[in-house]
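Working notes, beginning with the structure itself.
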Amino acid sequence: MSSPEWKNPVIKWVDSRLPVFSMMHHSTAGYPTPRNLNYWWNFGSLALTVLIVMVVSGIILAMQYTPNTAMAFDSVERIMRDVNYGWLIRYVHMNGASMFFIVVYIHIFRGFYYGSYKGPREILWIIGVIIMLLMMGTAFMGYVLPWGQMSLWGATVITNLFSAFPIVGEYIVTLLWGGFSVDNPTLNRFFALHYLLPFVLFGLVGLHLWALHEVKSNNPLGIEMKQPEDSIPFHPYFTIKDLFGMGVFFMFFLAFVFWAPNYMGHPDNYIEANPLVTPAHIVPEWYFLPYYAILRAVTFDIFWIIPAKLGGVIAMFASILVWMALPWLDRSKVKSGKFRPVYKWFFWVFFANFVFLGYLGGMPAEEPYVTMSQMATAYYFIHFFVIMPLLGKLEKTVDLPESIAASVLKKSGDA
């Protein structure tokens, strides 16, 4: 695409030497976007917005935080009580993590429903899953930094999982701890990585956007843009739509910040970390609960070869890594669940099962919750490895419209 002719002499001079304005033009006004995108497509830009909020608030907090086990808890209290607007910055950052996962989960499940993982978007989807994994690692390390009871014991439980791996497990745990228990070297490592990884996330988001602009956005119909009438410029049509979505989202976000800042946290984390006192019920943050339920569901050795602990760890990681295989597990030629009547119902059953796993992850590791977790975990993997491949071969789909434009015009009565 040719560069636009800039009338402003300063912009023209800069762009001829560093074409940043041309790049911005090609990514907005010059970027063709399917004309039928709905508000479910707002969540990609919302995720980027929340990432920026998290990085800015995190940098400000790092200026006041002390990564030392003797002072970390008190430094957080000082931020809350003595630093100007420290309470606001911390609550924005703390609730921002939950908002980030809410937005990304909606973004991912929208991709599940509309088949955004199918060709030619396989690499775009895989980069997205890697972003999700990195988000989880960053959030886990950030949860350790306040050095409350749940921070210490959550770090102890989760890092100990790596000891399940044969031969290298103990070395990995020692490397993470920086010693023989979760202590000051661990806190320093986690602080350094928690500060670094968001910038790695920015790099991956850049790759994600690059891949998106190469293959273009998917859309609710799941059909590609074939003619000029199928698309409209991203700006001003979808920039306005994104800004409206951001306004609604920030009202939701700030409602938690100002009126329920601790709603999504755990009260035990307001007790200073004490390695001599174990909390009655150790639970991770809510956005990890489905995977925590899968981890705890494996209470038996697999084929008398894989111990239960290792089996649980493998199942937990596999529950996310399986998303990368979706483009090949789902063999249906139709992308959108809108035209797949049977898949549509299985999608909602899978969604309900995922929410149920989240509920079970927050329950004690006792009956009947263990058996329920095992059943929900079994269905989770059956959905990917049995149901989706079979539906791709057996499901009778609804006829697709001729084009995006034809569907939109027919719907609006202008055909």
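The values are calculated or read from the model by the stated rules, or taken from the named source; none is laboratory data. If you're wondering where the values come from, they're calculated on a predicted model, not measured in any experiment. Cβ coordinates were reconstructed from backbone atoms using ideal geometry, including for glycine residues, and neighbour counts include every protein chain displayed.
For residue 396, are the conditions met, namely being at pLDDT 90 or above, outside any helix (DSSP H, G or I), buried (at least 16 other Cβ atoms within 10 Å of the Cβ) and charged (D, E, K, R)?
no
Collect the residues in segment 242-272 that are among the β-branched types (Val, Ile, Thr) and farther than 12 Å from residue 91 by Cβ, keeping them in residue-number order.
Those that are among the β-branched types (Val, Ile, Thr) and farther than 12 Å from residue 91 by Cβ: 248, 271.
May I ask you to list the residues in segment 178-195 that are of a type in the set (Phe, Trp, Tyr) and at pLDDT 95 or above?
Selection gives 190, 191, 195.
Limited to segment 217-234, what total is found for residues that are crowded, with 20+ Cβ neighbours inside 10 Å and part of a helix (DSSP H, G or I)?
2
Kindly establish whether residue 123 is within 27 Å of residue 59 (Cβ to Cβ) and among the β-branched types (Val, Ile, Thr).
Considered against the rule, which asks whether it is within 27 Å of residue 59 (Cβ to Cβ) and among the β-branched types (Val, Ile, Thr), residue 123 comes out as no.
Within segment 169-191, is there a residue that is closer than 28 Å to residue 128 by Cα, within 21 Å of the chain's Cα centre (by Cα) and buried (at least 16 other Cβ atoms within 10 Å of the Cβ)?
Among the residues of segment 169-191, at least one is closer than 28 Å to residue 128 by Cα, within 21 Å of the chain's Cα centre (by Cα) and buried (at least 16 other Cβ atoms within 10 Å of the Cβ), which makes the answer yes.
Might you let me know whether segment 267-286 holds any residue that is under 22 Å from the mean Cα position of the chain (by Cα) and surrounded by fewer than 20 Cβ atoms within 10 Å (Cβ to Cβ)?
Yes - at least one qualifying residue is present in segment 267-286.
Among (1) part of a helix (DSSP H, G or I); (2) more than 23 Å from residue 52 (Cβ to Cβ); (3) at pLDDT 90 or above; (4) not β-branched (Val, Ile, Thr), where does residue 254 come up short?
Only one criterion in (1) part of a helix (DSSP H, G or I); (2) more than 23 Å from residue 52 (Cβ to Cβ); (3) at pLDDT 90 or above; (4) not β-branched (Val, Ile, Thr) is unmet by residue 254, namely (2).
So in segment 301-337, with the set limited to residues that are crowded, with 18+ Cβ neighbours inside 10 Å and basic (Lys, Arg), which one is farthest from the chain's Cα centre (by Cα)?
Residue satisfying both the conditions and the ranking: 309.
Looking only at segment 1-55, which residues are part of a helix (DSSP H, G or I), over 15 Å from the mean Cα position of the chain (by Cα), loosely packed, with under 15 Cβ neighbours inside 10 Å and free of Cβ contacts under 8 Å to residues at least 24 places away in the same chain?
Within segment 1-55, 9, 10, 11, 12, 13, 14, 16, 17, 20, 23, 24 meet the criteria.
Which of (1) under 27 Å from residue 266 (Cα atoms); (2) buried (at least 22 other Cβ atoms within 10 Å of the Cβ) is the odd one out, the single condition residue 117 does not satisfy?
Among (1) under 27 Å from residue 266 (Cα atoms); (2) buried (at least 22 other Cβ atoms within 10 Å of the Cβ), residue 117 violates only (1).
So is residue 318 among the small types (Gly, Ala, Ser), farther than 14 Å from residue 109 by Cα and touching a residue at least 60 places away in the same chain (Cβ under 8 Å) or not?
It is true that residue 318 is among the small types (Gly, Ala, Ser), farther than 14 Å from residue 109 by Cα and touching a residue at least 60 places away in the same chain (Cβ under 8 Å).
Report every pair of residues separated by at least 6 positions or lying on different chains whose Cβ atoms are under 7 Å apart, first residue within segment 223-245 and in the same structural domain as residue 49 (by TED's automatic domain parsing), second modelled with pLDDT of 90 or more and part of a helix (DSSP H, G or I).
241/42; 242/42; 242/45; 245/39; 245/42; 245/46
Of the numbered conditions (1) touching a Leu at 6+ places or on another chain (Cβ under 8 Å); (2) modelled with pLDDT under 90, residue 167 satisfies every one except a single condition; which is it?
Status for residue 167: all satisfied but (1).
Give me a count of the residues in segment 85-116 that are within 16 Å of residue 327 (Cβ to Cβ), among the aromatic types (Phe, Trp, Tyr) and not in a helix (DSSP H, G or I).
0
Is it the case that segment 59-66 has a residue that's over 19 Å from the mean Cα position of the chain (by Cα), among the polar types (S, T, N, Q), over 20 Å from residue 239 (Cβ atoms) and at pLDDT 90 or above?
yes
Which one is surrounded by the most Cβ atoms within 10 Å (Cβ to Cβ) among residues in segment 235-266 that are of a type in the set (A, V, I, L, M) and under 22 Å from the mean Cα position of the chain (by Cα)?
In this case the residue turns out to be 257.
Which residue pairs have Cβ atoms closer than 7 Å, lie 6 or more positions apart in sequence or on different chains, and pair a first residue in segment 367-390 that is closer than 14 Å to residue 312 by Cα with a second residue that is polar (S, T, N, Q) and not in a helix (DSSP H, G or I)?
Between residues of segment 367-390 that are closer than 14 Å to residue 312 by Cα and residues that are polar (S, T, N, Q) and not in a helix (DSSP H, G or I), the close pairs are 370/299.
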